[in-house]
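Read-outs: derived from the displayed coordinates by stated rules, not from any lab. No experiment lies behind these values; they were computed from the predicted model shown. We place every Cβ from the backbone using ideal geometry, glycine too, and count neighbours over all the protein chains shown.
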Amino acid sequence: MTPLTKRVKRRTIAPHRGRRIVVSMLPGDVLSFREERTRREYVLSIAGAYTYAVMLEVERRKRDKAAKRKGAR
């Protein structure tokens, strides 16, 4: 695996609310998001993004399990 030593920027394919999103991975394990053609950046640690993704998956599984139980009654 290559260590993250310099900024890597990518642009999304699909627009979000009419504009594409520019995502940057920065040294120091940080993610940066901004709308294309804007300067306002939103920064998030990679560890925080991972934790949030895990929490979303756990909640989705709980909802699916509850729906399955409700449907079995």
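Rounded to the nearest 5, what is the percent of antiparallel bridges among the DSSP beta bridges in segment 8-72?
Details: 15 of 15 bridges.
Expressed as a percentage, antiparallel bridges in segment 8-72 total about 100.
Can you give the extra length, in nm with one decimal, that the chain gains between residue 52 and residue 13 once fully stretched, where that is 0.36 nm per residue apart less the Cα-Cα distance?
On the way: separation 39, 0.36 × 39 = 14.04 nm, distance 2.30 nm.
So the extension gain works out to 11.7 nm.
Quick one: if you stick a label point 7 Å off each Cα along the C-beta vector at residue 66 and residue 45, how many nm between them?
Between residue 66 and residue 45, the label points sit 3.0 nm apart.
Karplus couplings for segment 48-65 from phi (6.51 cos²θ - 1.76 cosθ + 1.60, θ = phi - 60°), rounded to Hz, Gly and Pro as x?
x, 5, 5, 4, 5, 4, 5, 4, 4, 5, 4, 5, 4, 5, 4, 4, 4, 5
Ratio of the chain's C-alpha Rg to 2.2 N^0.38 Å, to two decimals? Numbers along the way, then the final one.
Working: Rg = 17.3 Å, N = 73, 2.2 N^0.38 = 11.2 Å.
The chain yields a ratio of 1.54.
For the residues 55, 25, what sequence is obtained by ranking on other C-beta atoms within 10 Å, fewest first? Mind dumping the intermediate values first?
Details: 55 10, 25 16.
With the sparsest Cβ surroundings first, the list reads 55, 25.
Treat every Asp and Glu Cβ in segment 8-72 as -1 and every Lys and Arg Cβ as +1, leave all other atoms uncharged, and give the resulting dipole magnitude about the Cα centre to the nearest 20 debye.
Details: 18 positive and 7 negative charges, 86 e Å.
Using Cβ point charges on Lys, Arg, Asp and Glu, segment 8-72 gives about 420 debye.
Under the rule of at least 5 residues apart or a separate chain, name every residue whose amide H is placed under 5 Å from the amide H of residue 20.
Amide H to amide H, under 5 Å and 5 or more residues apart or across chains, residue 20 pairs with 36.
Using the Karplus curve 6.51 cos²θ - 1.76 cosθ + 1.60 with θ = phi - 60°, what ³J(HN,Hα) values do you get for each residue of segment 22-38, in whole Hz, with x for Gly and Pro?
9, 10, 10, 9, 10, x, x, 6, 10, 9, 10, 10, 7, 6, 4, 6, 10
What Kirkwood Rh does segment 26-67 have if only Cα atoms enter the pairwise 1/r average? Answer in Å. Please list the in-between numbers first.
Working: mean 1/r = 0.0815 Å⁻¹.
Computed over Cα pairs of segment 26-67, the Kirkwood hydrodynamic radius comes out at 12.3 Å.
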